[in-house]
Amino acid sequence: MKLLSVVVPLYNEAEVLEEFHSRLAAHLAALNVPCEIILVDDGSTDSSAQVGRALCRRDGAVRLIRFSRNFGQQSAITAGLHHARGDAVVVMDADLQDPPELIADLLAKYREGFEIVYAVRQKRKESLLKRALYKLYYRVMRFISVVKIPVDTGDFCIMSRRAVDLLNRLPERNRYIRGLRSWLGYAQTGIPYERHRRLRGSTKYTPRKMALIAIDGIVSFARLPFQLIMLLGAVLVALAAASVPALIVTGNAGSVLLWLGAGLLFLNGMLLIGLGLVGEVVWHISDEVKCRPSYIIEEKAGFGQETASPGGPLQEVPAGGHPGQTGRGGDQL
C-alpha cells in the first residue's frame, strides 16, 4: 500500500483533538504504512481550527480543511473523501469513542480482499434510553430500506480506493454515507468493537441533528413507509365505506358515529404523517435541483507537504503532487 488516508470530521473538538492526534499518530506509525490525516473542521466555534493548524505545522502527515460554516458531519466526511489520496481510506470521529487502535483490525480485514470493512458497535457506554433508541432506529431502518444497511454501524470504516472513487462520483448532495456505502455493494464485512464514552466535552449530536440524519436515511433509502401509508389509507377507506350500511342496519348511530370519529382522527393523523414524508421528499428534490455545493471551504492547510509517516518532518510536494493548496479556497462540490 502506497498511502493510507484517515478522514476525521470535526465540530468543536478542541478539548480532545491533541490527545486524539497523539493516539492516532502513534498507532499509524506502528502500522508502518505511509499515511495522511485529513481533519475537516465543520465550522467549529471553538479553537479546533487553531489546534488543527498547529498540528499541520508540527506533523507533516496532517492536513486541515475548514468550512465557511457548519454544513453537517456528512458533508464534512464527503469533503474528506474528495481530498483523500490513499489506496484505502479510513473514516472516523475525533472524540475517541471510535478507538484508533481498531484501524489495524480494519486494515487486516481489508487486506483479506474486502472493499469495505465497517465497525459494528457491540457495546455503547451511553444511557439506557439512548441505546434503546439507537437499536430501534437501526433495525427499523434495515427493515424499511431498499438497501440492507448493517445494524449498529456508524461511519467508522475503511474503504478501498475503488469504493471511495465511486462514492465521490455519486451526484447527490444530501448524503447518508453509511447507506451509500451499503448501496455500492462489493465485498463488505464488519468488525465488532466496544464504543467508549467521550473522553472530554459533550456530544455535538443534538436530538434535532440525530432526527435530521434519521430522516435523511429514510427519505434516501426507504420506500416501505410510503407504501404502508397508501395501504393503510385504502384499508381505512374500506372500513369507512363498510360502516355506512352498518349504521343503517343496526340503527345504533351513537356507537357507530363514535367509531367513525375515532377513525377520522386516526386517518387525519396518518395523512399528516404522510404529508410530512412527502414534504421531506419534495424538499430533498428541490435541494438537489438547486445544485448548491455540499460545502464551502474557507481554508486549507497542510496540503503542500507530505511525509512517509505521522509525526515526520515537513517535506514539500513536487509540482502537481496534490490538487490541494495551502491557504484559502473557494466553493467545492
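The values are calculated or read from the model by the stated rules, or taken from the named source; none is laboratory data. These numbers come from a predicted model, not from an experiment. Virtual Cβ from ideal backbone geometry, glycine too; neighbours counted across all protein chains shown.
Anything in the range 278-302 that is hydrophobic (A, V, I, L, M, F, W, C) and modelled with pLDDT of 70 or more? List them, or say none.
278, 281, 282, 285, 291, 296, 297, 301
Could you give every pair whose Cβ atoms fall below 6 Å, whose first residue belongs to the range 131-152 and is at negative phi and at pLDDT below 70, and whose second residue is crowded, with 16+ Cβ neighbours inside 10 Å and among the basic types (Lys, Arg), counting only separations of at least 6 or pairs across chains?
Filtered contacts from the range 131-152: 131/124.
Results for (1) out of contact with any helix residue (DSSP H, G or I) (no Cβ under 6 Å at 6 or more places or on another chain); (2) at pLDDT 90 or above; (3) under 17 Å from residue 181 (Cβ atoms), shown as yes or no for each residue.
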| position | (1), (2), (3) |
| --- | --- |
| 66 | no, yes, no |
| 71 | yes, no, no |
| 85 | yes, yes, no |
| 92 | yes, yes, yes |
| 98 | yes, no, yes |
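Is it true that residue 205 is of a type outside the set (Val, Ile, Thr) and at pLDDT below 65?
Yes, satisfied.
How about the range 152-176: which of its residues are assigned to a helix (DSSP H, G or I) and surrounded by 19 or more Cβ atoms within 10 Å (Cβ to Cβ)?
Start the filter on the range 152-176 by keeping residues that are assigned to a helix (DSSP H, G or I), which leaves 161-169.
If the condition is that a residue be assigned to a helix (DSSP H, G or I) and surrounded by 19 or more Cβ atoms within 10 Å (Cβ to Cβ), then 163, 164, 167 are the ones that fit.
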